[in-house]
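The values are calculated or read from the model by the stated rules, or taken from the named source; none is laboratory data. Quick caveat: nothing in here was measured; it's all calculated off a predicted structure. As a convention, Cβ positions derive from the backbone with ideal geometry for all residues, glycine included, and neighbour counts pool all protein chains shown. What goes into the accessible areas is simple: the full protein's heavy atoms, side chains included, and nothing from ligands, DNA or RNA. Shrake-Rupley method; radii C 1.70, N 1.55, O 1.52, S 1.80 Å.
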Amino acid sequence: MSGVRILIVESRFYDEITDNLVKGVVKELAAVGAGYKRLIVPGILEIPAAIRYAIRAMELRATDERYAGYIALGCAIKGETDYYEHISREAIAGIQKLALDYTLAVGNGILTVHNRAQAMERCSPERRNFGGQAARACLRMVEIKRELSLIPK
C-alpha cells in the first residue's frame, strides 16, 4: 500500500473523539506506508458532500491530488430529539451512495452512540479503535479494487 493516498474527512463537532479516531487511522496508514490528507468539516452530515467535492475536483482536474480511498470520521451522540437519527442515517447513507455510485474504497468511522462514554470506548486507539478499523476497511477495499483491476497494481 506504499504510495497510496487516502483522504480523511473528519467532523470536528466532538474534537476529543475525532482526535482519537484520527490517531487510530494514522497509525494504520503509517504501518503500510500510505499517505493521507485531512479535510475538516463541521459535522457528520457534511462528510458525503466533502467527499463528492474531492471527486469533482479530480474529475475537473482542478487538483493534482488523487485518492485511492476515503475515510469518514466523526460522531453523533443521541440527544433528546430525533435529530441524531436523521443526521446519522443521512450521513451514512450518503457515504454508501457515493461508494456505490463512484466505485470508491471507503472506511466508515462515524460513531453513532447513545452517550459520551460509548464514544470514548469506541474511539480510543487502545480500546475498540474504530478509527483503525475504518482505515483497515478502506485499505482492504483499495486492495479489492486492485484485485479486480479497477485501479493499477
- line: Karplus ³J(HN,Hα) for segment 4-14 (6.51 cos²θ - 1.76 cosθ + 1.60, θ = phi - 60°; Hz, whole; x = Gly/Pro) runs 6, 10, 10, 9, 9, 10, 10, 7, 9, 4, 10
- line: For segment 118-131, in residue order, the Karplus 3J(HN,Hα) values (coefficients 6.51, -1.76, 1.60; θ = phi - 60°; whole Hz; Gly and Pro = x) are 4, 4, 5, 4, 7, 7, 5, x, 8, 10, 7, 6, 5, x
- request: Report relative contact order for segment 1-95 in percent, whole number only (criteria: Cα-Cα under 8 Å, sequence separation at least 6).
  value: 41 percent
- prompt: By how many nm would the segment from Asn115 to Arg127 lengthen if fully extended, with 0.36 nm per residue of separation less the alpha-carbon distance?
  reply: 2.7 nm
query: For segment 21-89, what size does the Cα cloud have along each of its three principal axes, sorted from largest down, in whole Å?
result: 43, 32, 16
statement: Helix 83-102: inclination vs the chain longest Cα principal axis, degrees, rounded to 10, gives 10 degrees
query: Can you list the residues, at least 5 places off or on another chain, whose amide H is less than 5 Å from the amide H of Ile110, using H built in the peptide plane?
result: Gly74
field: Computed lengthening from Ile40 to Leu100, 0.36 nm per intervening residue step minus Cα-Cα distance
entry: 19.3 nm
task: Please work out the ratio of the alpha-carbon Rg of segment 72-128 to 2.2 N^0.38 Å and round it to two decimals.
output: 1.25
message: Taking 0.36 nm per residue of sequence separation and subtracting the Cα-Cα distance, how much length would be gained by fully extending the chain between Thr81 and Ala57, in nm to one decimal?
response: 5.0 nm
- line: Rounded to whole Å², per residue accessible area for segment 1-132 with a 1.4 Å probe reads 51 Å²
task: Would you tally the net charge around Pro42, using a Cβ to Cβ cut-off of less than 11 Å, leaving Pro42 out, and scoring K and R as +1, D and E as -1?
output: -1
